[in-house]
Amino acid sequence: MPTLLLTGFEPFDGGTVNPSGEVARRLDGARIAAATVVGRVLPVSFERLPALIGELVDRGAPDAMLGMGLAAAEPMIRLEQFAINRAHSERADNDGLAPDDRPLDAVGPAARIATLPLGPVVARLRAAGIPARLSFHAGTHCCNLWLYHALAALERRDRRIPCAFIHLPCLPEQALATPTASMPLDLMVEAVRLVAANAIDQA
Ligand code: PCA
């Protein structure tokens with residue numbers, strides 16, 4: 001049976017919860033279309049992530065791959081079209097590291113593009129009543145790193161594997177602590193299921 005690798009992140013930047021990790025846990029083992037979901041929660045670590053991502057791709061040989069992360073203050077689901085060859089953060093990651101405007105890969109391309117066509121996916125999300133938008137820049141934190149390195153690892157495979165990154169808004173419980181836009185977990189799960197079904201369809 002084909003597998004879809006679905007990763008989220010652990011809490012970071014002083015947070016106590018990360019919706020992306022919650023969705024990954026919820027959907028681990030789920031059956032979506034003809035595929036089984038392998039859900040994993042990753043550390044928010046500029047240093048450890050590249051090897052972990054490479055290992056997930058090389059050992060797991062997924063047929064489709066989706067990453068998820070939190071974009072605090074974002075009011076809707078955001079599908080990321082590009083990853084850029086840059087790491088920069090004003091605040092430390094979970095290992096205490098805050099890279100200052102440096103390349104992710106000294107010899108890598110300036111950018112990589114998601115291998116899942118995202119326009120139609122955004123349209124389907126919106127048709128299902130879920131607020132979503134296309135984004136052309138995944139930032140310079142670990143979510144951008146994930147997309148850059150996941151696409152690099154998939155380039156080593158002998159066929160094209162659909163891969164994209166989904167930024168999620170805060171959960172309602174996070175908006176209670178700091179006023180911000182939020183979305184219930186169930187709706188995020190529904191959204192990610194829909195994106196996953198499209199990715200599997202393209203596999
Ligand atoms: N969001 C951060 C990193 C981890 C996460 O959930 C980002 O947007 O890069």
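The values are calculated or read from the model by the stated rules, or taken from the named source; none is laboratory data. Treat the numbers as computed from the prediction; the structure is a model and nothing was measured. Neighbour counts are summed over all protein chains in view; Cβ atoms, including those assigned to glycine, are modelled from backbone coordinates with ideal geometry. Please note that ligands, DNA and RNA were not included when accessible areas were found on the heavy atoms of the full protein model with its side chains. Shrake-Rupley method; radii C 1.70, N 1.55, O 1.52, S 1.80 Å.
DSSP bridge analysis restricted to the chain gives an antiparallel fraction near 30%, rounded to the nearest 5.
Contact order, relative form, for the range 1-128: 25 percent (alpha carbon pairs under 8 Å, 6 or more residues apart, mean separation divided by residue count).
Accessible surface for Val41 stands near 60 Å², nearest 10, in the context of the full protein assembly shown (1.4 Å probe). Each peptide in 18-30, 123-135, 101-113, 83-95 was scored by the mean count of other Cβ atoms within 10 Å over its residues; highest first, the order is 18-30, 83-95, 123-135, 101-113. Modelled this way, with points 7 Å down the Cα-to-C-beta line, the labels at Arg40 and Arg25 are 1.8 nm from one another. The sum of -39500 (n - 2.57) across all DSSP H runs of n ≥ 4, divided by the residue count of the chain, sets its helix-only mean residue ellipticity at 222 nm to -10000 deg cm²/dmol. Straightening the chain between Leu176 and Ala123 buys 16.1 nm, computed as 0.36 nm per residue apart minus the Cα-Cα spacing. Converting phi to 3J(HN,Hα) with the Karplus coefficients 6.51, -1.76 and 1.60 and the offset θ = phi - 60°, the range 68-74 yields 9, x, 8, 10, 4, 6, 6 Hz in sequence order, with x at every glycine or proline. Does the range 85-203 come out rounded, prolate or oblate, given a ≥ b ≥ c as the square roots of the eigenvalues of its C-alpha gyration tensor, rounded meaning a/c under 1.5 and, failing that, prolate meaning a/b above b/c? Since a/c reaches 1.5 but b/c is at least a/b, the shape of the range 85-203 is classed as oblate. Put a dot 7 Å past the Cα of Ala110, heading toward its Cβ, do the same for Asp95, and the two dots end up 2.8 nm apart. Can you classify the chain as rounded, prolate or oblate using the Cα gyration tensor, where a ≥ b ≥ c are the square roots of its eigenvalues, rounded means a/c under 1.5, and otherwise it's prolate if a/b beats b/c and oblate if not? The shape class here is rounded. Rolling a 1.4 Å probe over the protein heavy atoms gives the chain an accessible area of 44 Å² per residue. If R0 is taken as 30 Å, the Cβ-Cβ distance between Glu190 and Asp158 corresponds to a FRET efficiency of 0.35. Length available on full extension from Arg133 to His88: 0.36 nm per residue minus the Cα-Cα distance, which gives 13.8 nm. For the chain, the carbon plus sulfur part of the accessible surface works out to 53%, probe radius 1.4 Å. Computed from phi, the 3J(HN,Hα) profile of the range 145-152 under the Karplus parametrisation 6.51, -1.76, 1.60 (θ = phi - 60°) reads 4, 4, 5, 4, 6, 5, 5, 5 Hz, with x in place of Gly and Pro.
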